[in-house]
């Protein structure tokens, strides 16, 4: 099969790019008082980057609470119970970091699942894996799904570099999670 893309999450064929696309979950006007979920995918520096973004959102945008959880496997989709936990406990979710091919695809798949569950989601992937992330969006019936791209790699950054990266990403995270896009 020429030009075939394999779905590393094991759900090939469950959706197609010819589907109706993805209607994004309704966004809040701003993040004041919002409950933010941080979904760490176990990749090196992902938890730190998400925590730094959460801290900045609290300090600069008045988010009420951050709920952090870690996926068991960076290449597998978030299990239904984790999606349900975020849907019940959070108003918006930030996930990533897609810093390799399979974790980028999985992060995009998670973002699409959360959006379909009614939770506005910002997915962060490194720019080296745009092709993989975009292919997953198409496989999941959401061609053109918008996610945040950051310079590759994230895993090798120092703590201070991760903090700086979080500051750089913050405006795009806010824009993607709110109706001020």
Those residues of segment 127-170 which are part of a helix (DSSP H, G or I), within 15 Å of the chain's Cα centre (by Cα) and surrounded by fewer than 19 Cβ atoms within 10 Å (Cβ to Cβ), in sequence order: 127, 130, 170
Test result for residue 29, closer than 15 Å to residue 120 by Cβ and either at pLDDT 95 or above or in a helix (DSSP H, G or I) (or both): yes
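Does residue 114 qualify as being over 18 Å from residue 135 (Cβ atoms), more than 10 Å from the chain's Cα centre (by Cα) and in a helix (DSSP H, G or I)?
On the way: over 18 Å from residue 135 (Cβ atoms): yes; more than 10 Å from the chain's Cα centre (by Cα): no; in a helix (DSSP H, G or I): yes.
Spelling it out, it is not the case that residue 114 is over 18 Å from residue 135 (Cβ atoms), more than 10 Å from the chain's Cα centre (by Cα) and in a helix (DSSP H, G or I).
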Residue in segment 92-99 that is over 10 Å from the mean Cα position of the chain (by Cα), crowded, with 21+ Cβ neighbours inside 10 Å, more than 25 Å from residue 34 (Cα to Cα) and touching a residue at least 40 places away in the same chain (Cβ under 8 Å) present: yes
Residue in segment 71-81 that is at negative phi and in a helix (DSSP H, G or I) present: yes
Single condition residue 169 does not satisfy, out of (1) over 19 Å from residue 48 (Cβ atoms); (2) at pLDDT 95 or above: (1)
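The values are calculated or read from the model by the stated rules, or taken from the named source; none is laboratory data. On a predicted model such as this, the values are computed, not experimentally measured, just so you know. Glycine also receives a Cβ, built like all others from the backbone with ideal geometry; neighbour counts cover every protein chain displayed.
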